[in-house]
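Report on one structure; see the data block that follows.
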Amino acid sequence: MDLRGKIGGAVSRIRGLFARPEAPAQDPARFAAYSDTSIPVIECKNVTKIFKDRRTGKESIALENVSFTIEDLPNMGEFITILGPSGCGKSTLLNIISGLEPHYPQTKGEVKVKGAPVAGPGSDRGMVFQSYSSFPCYTVLENVAFGLMLKGAPEKEREDIAADWIKKVKLAGFERKYPKELSGGMRQRVALARTLAVNPRIVLMDEPFGALDRITRWEMQDLLIELWEKVQATVFLVTHDIPEAVYLGDRLFLMTPRPGRLTEIVKLPRPTEKAAEMQRTSRFAETVNEISRKVESIH
Ligand SMILES: Nc1ncnc2c1ncn2[C@@H]1O[C@H](COP(=O)(O)OP(=O)(O)OP(=O)(O)O)[C@@H](O)[C@H]1O
Ligand SMILES: [Mg+2]
């Protein structure tokens with residue numbers, strides 16, 4: 001069986017998995033939770049993740065006692081950026097929220113999305129990874145429509161929605177291209193479109209622009225802000241780039257080296273100018289310096 005056939009087979013298996021935890025239309029209680037803004041979008045209470053080495057039995061703590069609440073702000077999402085040294089558990093935290101193994105489930109503590117404990121992946125949560133995660137054998141259009149196919153949307157509907165998102169990420173004209181024919185920045189636009197096309201309530205982004213040059217990164221930050229204002233989702237974005245964390249974040253989560261703990265939450269203003277302009281101002285540089293000092297002091 002070719003790769004497309006294999007993916008097609010996997011789709012029907014995954015479809016059930018994806019439909020179950022979300023499906024607010026079929027689950028009145030969950031639907032009600034999503035329209036009740038008094039229920040936080042995410043609540044993490046004392047979340048700890050311990051990995052055990054299968055051969056030696058040795059345990060290592062990836063994440064320790066992480067607690068925070070993301071309130072459901074009416075008509076606006078919140079943008080959370082996460083900074084922390086390599087290995088402090090940033091990806092682990094994102095994967096636990098998205099319900100992706102082997103990080104999910106947490107060893108201790110509680111993770112609730114709109115009041116319900118996370119019970120696996122769901123299309124209410126979309127993930128964008130650092131590596132270009134598009135299917136190489138699918139065109140841009142097919143990649144963007146993929147999540148909609150998992151949700152069981154009819155072909156015409158998913159192609160229309162996908163084409164619309166391709167326009168929004170400024171890739172019109174590239175619908176029939178394959179990922180290998182695109183630049184890194186363009187591939188991350190495909191990943192963004194694919195994730196946002198299913199209208200997730202929470203978008204989890206793990207170093208999505210890590211492999212991009214500075215100018216392309218700025219362009220992607222502008223695009224992300226523009227799209228985020230449209231979708232009003234809660235965004236978690238992990239980055240090693242302090243200016244990026246400062247520019248995008250409403251709140252910046254600072255994590256300690258391994259075992260990762262959430263040591264400080266810094267509130268930040270929303271961007272008022274395009275990334276390239278704002279990140280060149282002396283005021284912005286002052287905030288970046290302040291955060292850099294905090295980062296250095298916890299290393
Ligand atoms: N599948 C796994 N099995 C065992 N240990 C793991 C696994 N995944 C991650 N870890 C460990 O958990 C810790 C946290 O890893 P994680 O990938 O979450 O870090 P990170 O903060 O995302 O790092 P980076 O910035 O380098 O991406 C690390 O010590 C890592 O070795
Ligand atoms: Mg990581």
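The values are calculated or read from the model by the stated rules, or taken from the named source; none is laboratory data. Fair warning: this is a prediction, and the values are worked out from it, not measured in the lab. Don't worry about glycine lacking a Cβ; one is built from the backbone with ideal geometry, like all the others, and counts go over all protein chains shown.
Among the listed residues W218, W228, identify the single one that is over 21 Å from S98 (Cα atoms) and among the aromatic types (F, W, Y). Reasoning before the result, please.
Details: W228 fails: over 21 Å from S98 (Cα atoms).
Result of the check over W218, W228: W218.
Taking the criterion of being aliphatic (A, V, I, L, M), surrounded by fewer than 18 Cβ atoms within 10 Å (Cβ to Cβ) and not in a loop (DSSP other than H, G, I, E, B), would at least one residue in segment 118-132 satisfy it?
no
Identify, by number, the condition in (1) within 16 Å of ligand 1 (Cβ to nearest atom); (2) within 17 Å of the chain's Cα centre (by Cα); (3) not acidic (D, E) that S86 doesn't meet.
(2)
Name, by its number, the condition in (1) surrounded by fewer than 18 Cβ atoms within 10 Å (Cβ to Cβ); (2) part of a helix (DSSP H, G or I) that does not hold for A193.
Here A193 meets the rest and fails (1).
Go through segment 97-126 and count every residue that is within 12 Å of the chain's Cα centre (by Cα) and within 13 Å of ligand 1 (Cβ to nearest atom).
Total meeting the criteria: 2.
Right, A153: farther than 26 Å from W218 by Cβ, of a type in the set (A, V, I, L, M, F, W, C), without any contact (Cβ under 8 Å) to a residue 24 or more places away in the chain and not in a helix (DSSP H, G or I) or not?
Yes: the conditions hold for A153.
Given the conditions (1) surrounded by 24 or more Cβ atoms within 10 Å (Cβ to Cβ); (2) more than 15 Å from the chain's Cα centre (by Cα); (3) not in a helix (DSSP H, G or I), report the number of the one that V246 does not fulfil.
Condition (3) is where V246 drops out.
Taking segment 59-83 as the region of interest, how many residues are under 22 Å from P200 (Cβ atoms), over 14 Å from the mean Cα position of the chain (by Cα) and among the hydrophobic types (A, V, I, L, M, F, W, C)?
Final tally of qualifying residues: 5.
Given the structure, is I166 at pLDDT 95 or above and crowded, with 21+ Cβ neighbours inside 10 Å?
yes
Hey, among the residues in segment 273-299 that are hydroxyl-bearing (S, T, Y) and modelled with pLDDT of 95 or more, which one's farthest from the chain's Cα centre (by Cα)?
The selected residue is S282.
Can you pull out every residue in segment 44-86 that is of a type in the set (D, E, K, R) and away from ligand 2 (no atom under 16 Å from the Cβ)? Break it down stepwise before answering.
Going through segment 44-86, the residues of a type in the set (D, E, K, R) turn out to be 45, 49, 52-55, 58-59, 64, 71-72, 78.
Residues satisfying the conditions are K45, K52, D53, R54, R55, K58, E59, E64, E71, D72, E78.
Closer than 25 Å to K45 by Cα and within 16 Å of ligand 2 (Cβ to nearest atom) - does that describe any residue in segment 208-230? Outline the logic, then answer.
Within segment 208-230, the first condition is being closer than 25 Å to K45 by Cα, and the residues that meet it are none.
So far as segment 208-230 goes, no, none of its residues is closer than 25 Å to K45 by Cα and within 16 Å of ligand 2 (Cβ to nearest atom).
Which of the residues belonging to segment 36-48 are assigned to a loop (DSSP other than H, G, I, E, B), surrounded by 10 or more Cβ atoms within 10 Å (Cβ to Cβ) and not hydrophobic (A, V, I, L, M, F, W, C)? Don't jump to the end; show me each part of the working.
Taking segment 36-48 and keeping what is assigned to a loop (DSSP other than H, G, I, E, B), we get 36-41.
Next, only the ones that are surrounded by 10 or more Cβ atoms within 10 Å (Cβ to Cβ) stay: 36-37, 39-41.
D36, T37, P40, listed by residue number.
Look through E101, E71 and report the one residue that is without any contact (Cβ under 8 Å) to a residue 24 or more places away in the chain, out of contact with any Phe, Trp or Tyr (no Cβ under 9 Å at 6 or more places or on another chain) and surrounded by fewer than 16 Cβ atoms within 10 Å (Cβ to Cβ).
Numbers: E71 fails: without any contact (Cβ under 8 Å) to a residue 24 or more places away in the chain.
From the options E101, E71, the qualifying one is E101.
Scan segment 49-57 and give yes if some residue there is within 15 Å of ligand 1 (Cβ to nearest atom), buried (at least 16 other Cβ atoms within 10 Å of the Cβ), in contact (Cβ under 8 Å) with a residue 24 or more places away in the chain and closer than 26 Å to D36 by Cα, otherwise no.
The answer is no; no qualifying residue exists.
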